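**Q** Handing you this structure, nothing more for now.
The values are calculated or read from the model by the stated rules, or taken from the named source; none is laboratory data. Being a predicted model, the structure only gives us computed values, none of them experimental. Cβ atoms come from the backbone with ideal geometry, glycine included; neighbour counts cover every protein chain shown. Protein only, heavy atoms only, side chains kept; ligands, DNA and RNA dropped before computing areas. Shrake-Rupley method; radii C 1.70, N 1.55, O 1.52, S 1.80 Å.
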Amino acid sequence: MRVFFLSLAIFAVTACSPDEEVAHEEATQQKEPVDISHDYFSFANTDQFVTDHVNLDLTVDFALKELRGVAILKMRRLDPEATHIILDTRDLHIDGVLVNDSESEFEYAQTDKVLGQALKITLPAGLEQQQDLDVTIHYRTDPSASALQWLPPELTAGGKHPYMFSQSQSIHARSWVPLQDTPSVRITYEATIHTPPELLAVMSADNDPLTTRTGEYSFTMPQPIPSYLLAIAVGNIYFAPIGEQTGIYTEPELLDASTFEFASTQQMLETAESMYGPYQWGRYDLLVLPPSFPFGGMENPRLSFITPSVLAGDSSLVSLIAHELAHSWSGNLVSNKTWRDIWLNEGTTSYLDSRLMEVLFGKDRADEERVLSYRELQLGLKEISPAMQALAPMELLDDPDESQGSLHYHKGQLFLQHLENLYGRETFDPFLAAYFKHFEFQSISSEQFLDYLDLNLLQKYPGKFSRSQAEEWLYQPGIPADAPVPQSETLVQAARLATSWAAGEVPVEEIPLSNWSPQATVHFINNLPIELSEVQLSELDSSFGFSQSRNAEIGRAWFIQVAVRRHLPAYKAMEEHLNRYGRTRLIYPVYLALAKNGEDADLADELFTGARSKYHPLTIIRIESGLKALKE
Ligand SMILES: [Zn+2]
């Protein structure tokens, strides 16, 4: 259960676990304005000490489901008076701490359900004036570490070897490395990883495609990154190139399908460089993970982690790759300073990925995806409290993973689309390239973005858009009245046909679905009128094979309808969908629709119980909390 509410008071209370209901009510009534300079999702005393570099030496133990070893944090003192270092941890077992080779006392000073445990390290005597500190921590992770998933062989594509991967965003790096787990601090890192000799380790670092399997692998990440971009995966992983500086890491069983599906990656990278400036990270590879990866992708630098659910066989879902690649500029190069500023990462990246898709796959396809994104924004607004509908909320986020749904993606994208429309691409593209250059390798706040925008666009080209209009996007709920509304002729036609077929005006044979993109098909399904008969639903499924679709987005859209409408003939296929994918986006709304249809709350529980061993801890938490909330 992770839907609960932080209040400022929580920081004055140690090691207590307040009743969630009470905490919820109090927080709802007494939200206080945010001190936006502070990262509320970290315990670390970053105003007193800051980490520049992390050195890891970790053994990957599949039998015990733990990483164990040593983290050395190279830290700098900012405050001459400071006597303690506070680090973020979650469920770590700490065996000992040394500061500059002297043994140090340590304790868990605070515990919080969202934040984890604050590790308070007392500086040994004699180090009071020391500027540079090497903090050495001997530790091991817990099998329940929220960032790590340990897969038995049967949940991998090959079925013979175990697999482990991390997902550190937003605040889960602390569950596998003790550190200052805030995006406001950037670190370089190096690591030595020990694995069973037949397996390969990869990290968000300088992976070498030619590495031989030895069971000991070394990595360096020379560019400073926020901790949420620390990433590791270990499994029966092999490499195949797809371009000069691009390639695929995955299990051998998925290698051919992946190189085929993502063949456009090198071209995407070159397109992005031509628009937004040099790619600053060396290689750009993709790690295609087992199905339980909870997200679509994770923009771990140099090595994006990708769900296999986008292996549709026709490159129809590669906007995901455009998205993760675009993060090499928006997010990884210029990062959000706190999770309250996450729209700077996700909104900007969504805008960038739509631009890349337009260059590579044409305006029609990009427009279709813009319309679908806009629709998700409109639906999402109904679920999100007004305060959290601001791009940069002035109240505390409840949980960095969940507070805003997907609003920061879609509303952020729309904001930048609006600016593009006002200033024209010939002005706006160079503005964005200069913005990435100006803030490269920094973590910035929404207010820094606003000041930069004001100075370099609004004041430079006066009379088009005012600072107060920009502030409306950042700080007000909803969508400003003059916001653009994306349009797609194909999608308009698809929606129209959904209605006219349902009304009996058009026979099913005249729906040109085989000529449509999967995006248009999804839009058609989403626009089916609520009063369809069972016979009509069966006609659709037998004509178009929605229940058997290899396209995960079509499956998602269809099985939501199946669950909402209790279309029992497709329940078996729906169960298969829920077992085939572990990506939260593809399954969570199906469970929710099932639990909400008035008859199937128990069935939703039952199907979830049957499938949960295949899901990532973050996905499990999300579905559990969603189903539980419906019962309250
Ligand atoms: Zn993203």
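**Q** Taking strands (runs of 3 or more DSSP E) that do not extend beyond segment 67-114, which have at least 2 residues that are in contact with a Lys or Arg (Cβ under 7 Å, 6 or more places away or on another chain)?
**A** Output list reads 84-89, 106-112.
**Q** While we're here: Do you know which residues across segment 283-304 are of a type in the set (Asp, Glu) and within 14 Å of the ligand (Cβ to nearest atom)?
**A** Kept after step one, since they are of a type in the set (Asp, Glu), are these residues of segment 283-304: 285, 299.
The one that is of a type in the set (Asp, Glu) and within 14 Å of the ligand (Cβ to nearest atom): GLU299.
**Q** Could you tell me whether GLN404 is polar (S, T, N, Q), part of a loop (DSSP other than H, G, I, E, B), within 16 Å of the ligand (Cβ to nearest atom) and within 19 Å of the chain's Cα centre (by Cα)? I'd like the intermediate steps shown before the answer.
**A** On the way: polar (S, T, N, Q): yes; part of a loop (DSSP other than H, G, I, E, B): yes; within 16 Å of the ligand (Cβ to nearest atom): yes; within 19 Å of the chain's Cα centre (by Cα): yes.
It is true that GLN404 is polar (S, T, N, Q), part of a loop (DSSP other than H, G, I, E, B), within 16 Å of the ligand (Cβ to nearest atom) and within 19 Å of the chain's Cα centre (by Cα).
**Q** Determine whether segment 213-220 contains at least one residue that is at pLDDT 95 or above, open to solvent by less than 20 Å² (accessible area, probe 1.4 Å) and touching a Gly at 6+ places or on another chain (Cβ under 9 Å).
**A** Scanning segment 213-220, I find no residue that is at pLDDT 95 or above, open to solvent by less than 20 Å² (accessible area, probe 1.4 Å) and touching a Gly at 6+ places or on another chain (Cβ under 9 Å), so the answer is no.
**Q** Right, here's the next one. Taking segment 305-328, which residues are within 12 Å of the chain's Cα centre (by Cα) and more than 10 Å from the ligand (Cβ to nearest atom)?
**A** We begin by selecting, within segment 305-328, every residue within 12 Å of the chain's Cα centre (by Cα); these are 305-307, 320, 323-324, 327.
PHE305, ILE306, THR307, listed by residue number.
**Q** Return the pair list, or none, for Cβ contacts closer than 6 Å from residues in segment 120-141 that are touching a residue at least 60 places away in the same chain (Cβ under 8 Å) to residues that are of a type in the set (Gly, Ala, Ser), at least 6 apart or on different chains.
**A** Taking only residues 6 or more apart or on different chains, the pairs are ILE137/ALA71; HIS138/GLY96.
**Q** Check ASN421, ASN336 and return the single one that is within 16 Å of the ligand (Cβ to nearest atom) and either touching a residue at least 24 places away in the same chain (Cβ under 8 Å) or open to solvent by less than 20 Å² (accessible area, probe 1.4 Å) (or both).
**A** ASN336
**Q** Also: With the condition kept exactly as written, say whether any residue in segment 473-487 is away from the ligand (no atom under 16 Å from the Cβ), assigned to a helix (DSSP H, G or I), open to solvent by 20 Å² or more (accessible area, probe 1.4 Å) and not aromatic (Phe, Trp, Tyr).
**A** Looking for residues that are away from the ligand (no atom under 16 Å from the Cβ), assigned to a helix (DSSP H, G or I), open to solvent by 20 Å² or more (accessible area, probe 1.4 Å) and not aromatic (Phe, Trp, Tyr), one finds none in segment 473-487, hence no.
**Q** OK, next. Taking segment 121-165 on its own, how many of its residues are farther than 19 Å from THR195 by Cα, open to solvent by less than 30 Å² (accessible area, probe 1.4 Å), among the aliphatic types (A, V, I, L, M) and in a loop (DSSP other than H, G, I, E, B)?
**A** Residues that pass the stated criteria total 2.
**Q** If you don't mind, there's one more thing I want to ask. Of (1) in contact (Cβ under 8 Å) with a residue 60 or more places away in the chain; (2) farther than 23 Å from MET394 by Cα, PRO477 satisfies all except one. Which?
**A** Against the list (1) in contact (Cβ under 8 Å) with a residue 60 or more places away in the chain; (2) farther than 23 Å from MET394 by Cα, PRO477 comes up short only on (2).
**Q** From GLY331, GLY277, grab the single residue that is within 14 Å of the ligand (Cβ to nearest atom) and modelled with pLDDT of 95 or more.
**A** Going through GLY331, GLY277 in turn, just one is within 14 Å of the ligand (Cβ to nearest atom) and modelled with pLDDT of 95 or more: GLY331.
**Q** Among ASP353, ASP341, which is the only one that is more than 12 Å from the ligand (Cβ to nearest atom) and either in contact with a strand residue (DSSP E or B) (Cβ under 9 Å, 6 or more places away or on another chain) or open to solvent by 10 Å² or more (accessible area, probe 1.4 Å) (or both)? Walk me through it before giving the result.
**A** Numbers: ASP353 fails: more than 12 Å from the ligand (Cβ to nearest atom).
Every option except ASP341 fails the conditions.
**Q** Can you go through GLU105, GLU128, GLU66 and tell me which one is acidic (Asp, Glu), touching a Pro at 6+ places or on another chain (Cβ under 9 Å) and closer than 30 Å to LEU200 by Cβ? Can you show your working first?
**A** Values: GLU105 fails: closer than 30 Å to LEU200 by Cβ; GLU128 fails: closer than 30 Å to LEU200 by Cβ.
Unique residue meeting the criteria: GLU66.
**Q** When you go through (1) over 30 Å from THR490 (Cβ atoms); (2) crowded, with 20+ Cβ neighbours inside 10 Å; (3) touching a Lys or Arg at 6+ places or on another chain (Cβ under 7 Å) one by one for THR584, which number turns out not to apply?
**A** (1)
**Q** Has segment 253-263 got at least one residue that is within 16 Å of the ligand (Cβ to nearest atom), touching a residue at least 24 places away in the same chain (Cβ under 8 Å), of a type in the set (A, V, I, L, M, F, W, C) and surrounded by 20 or more Cβ atoms within 10 Å (Cβ to Cβ)?
**A** First, pick out the residues of segment 253-263 that are within 16 Å of the ligand (Cβ to nearest atom): none.
No - not one qualifying residue is present in segment 253-263.
**Q** Please identify the pairs in which a residue from segment 559-583 that is more than 20 Å from ARG612 (Cβ to Cβ) has its Cβ atom under 8 Å from the Cβ atom of a residue that is hydroxyl-bearing (Ser, Thr, Tyr), counting only partners at least 6 apart or on another chain.
**A** Pairs found: VAL562/SER547; VAL562/TYR571; HIS567/SER538; PRO569/SER538; ALA570/SER547.
**Q** Let me ask another. Mind counting the residues in segment 210-249 that are touching a residue at least 40 places away in the same chain (Cβ under 8 Å) and over 23 Å from ILE171 (Cα atoms)?
**A** Counting residues in segment 210-249 that are touching a residue at least 40 places away in the same chain (Cβ under 8 Å) and over 23 Å from ILE171 (Cα atoms) gives 7.
**Q** Still on this structure, please answer the following. Here are some conditions: (1) more than 16 Å from the ligand (Cβ to nearest atom); (2) in a helix (DSSP H, G or I); (3) surrounded by 22 or more Cβ atoms within 10 Å (Cβ to Cβ). ALA392 meets all but one. Which one does it not meet?
**A** (2)
**Q** I need a count of the residues in segment 166-202 that are under 30 Å from LEU78 (Cα atoms), part of a strand (DSSP E or B) and not acidic (Asp, Glu).
**A** Total meeting the criteria: 7.
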